[in-house]
Amino acid sequence: MRVLNFAHGTFLTVGAYASWSIATALPGLSETARFAVAVGGCLLVGAVVAAAVEIGLIRPLYNRHVEQVLVTVGFALALTALVQGSYGADPKPYPSPARTQGVVSLAGATIPSSRLLAIAVAVAVFLAIAAFLRFTRWGLIVRAGVENRPMVSALGIDVQRAFTLVFAIGGLAAALGGALGAVYFGNVAPDRGTQTLIYAFIVVVIGGLGSFTGSALAALAVGLLQQFANYYSSVYLHFSAAGDLAVVLLLATVLLIRPQGLLGKGT
């Protein structure tokens, strides 16, 4: 949508804390039911917050990228401070279901169940969003509106409503990531969304701005590269921060060789 939204990480934070608040407020339910209700509630909160940000902050600033960055960064700082003031700066343990705390043996490897859950949900979300963009009327409106918004609007189609829907879906997905991240790490923290946003932005640039599939491929490349670099550098070089350096070098290499990203369109 050509929007530089640096508040997107806070949608993850809001989703994580919404999930935590609901889960801790329902001690009478079973672990699985409590987690399901918490995830459902955080999805609703994430979608509402994201739609409100689009309507109140982004809508007046389409095609004004500098202002988008300033407003969304300011909103992210304010919302993170609000979360810290409300819940404290220290991480809070997340009441994960017992099933997500075990391990699974797969192809000779012992993998925590929380990792498999995150992978399975990520694949499902990717397929669902790809199907939405490719096979639904709203997805067609979104893609056409990004390419030529005035022409689509001239046909009597409400592109603005479609863009708000995209933000709501993005907030929903980020909130789901917050809940799954809470299970993954075992806690919720107010700065986790901001930390995640840095890598998410790198992924989008490497994949190609506007390319959904490119972002998915870049996410795999960045994640694997970072983990392999951290592991082998710690084993052979006794240096555990090589993963971040490797990611930055990958970003620089892609920008030098293919500035539009892996699957991005040149302009």
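The values are calculated or read from the model by the stated rules, or taken from the named source; none is laboratory data. Everything quoted here is computed from the prediction, not taken from an experiment. We work out accessible area using only protein heavy atoms, side chains counted, and drop any ligands, DNA or RNA first. Shrake-Rupley method; radii C 1.70, N 1.55, O 1.52, S 1.80 Å.
Worth a mention:
- Estimated D of the stretch 214-267 in µm² per second, where Rh is the Kirkwood radius over Cα pairs and Stokes-Einstein applies at 4 °C, 1.567 mPa s: 109 µm²/s
- For the stretch 242-256, Karplus couplings with θ = phi - 60° (6.51, -1.76, 1.60), whole Hz, Gly/Pro x: 5, x, 5, 4, 5, 5, 5, 5, 4, 4, 5, 5, 5, 5, 6
- Carbon/sulfur fraction of accessible area - the chain, other protein chains in place, 1.4 Å, %: 70 percent
- Calculated on the Cα set of the stretch 1-120, radius of gyration then Dmax: 17.8, 54 Å.
- A straight line joining the Cα centroids of the stretch 107-172 and the stretch 88-106 runs 28 Å.
- Between VAL103 and SER113, the built amide H atoms are under 5 Å apart, and every one of these is 5 or more places off in sequence or on another chain.
- Cα centroid separation, the stretch 225-258 to the stretch 31-56 (Å): 34 Å
- Taking amide H atoms as placed 1.01 Å from N in the peptide plane, the amide H of VAL188 lies under 5 Å from those of LYS92, TYR94, each 5 or more residues away in sequence or on another chain.
- The stretch 143-153 - phi-based ³J(HN,Hα) in whole Hz, Karplus 6.51/-1.76/1.60, Gly and Pro as x: 5, 5, x, 5, 6, 7, 5, x, 5, 5, 5
- Label selected from (1) 30, 25, 19; (2) 25, 21, 19; (3) 27, 25, 16, the criterion being semi-axes √(5λ) of the Cα gyration tensor in Å as computed here: (1)
- The shape of the stretch 121-170 comes out prolate: with a ≥ b ≥ c from the C-alpha gyration tensor, a/c is at least 1.5 and a/b beats b/c.
- Backbone geometry of the stretch 191-201 corresponds, through the Karplus equation with coefficients 6.51, -1.76 and 1.60 at θ = phi - 60°, to 3J(HN,Hα) couplings of 9, 5, x, 5, 5, 5, 4, 4, 6, 4, 5 Hz, x marking Gly and Pro.
- Cα-based shape type of the stretch 136-267, given that a ≥ b ≥ c are square roots of the gyration tensor eigenvalues and the cut on a/c is 1.5: oblate
- Accessible area per residue for the chain is 55 Å², calculated with a 1.4 Å probe on protein heavy atoms, without ligands, DNA or RNA.
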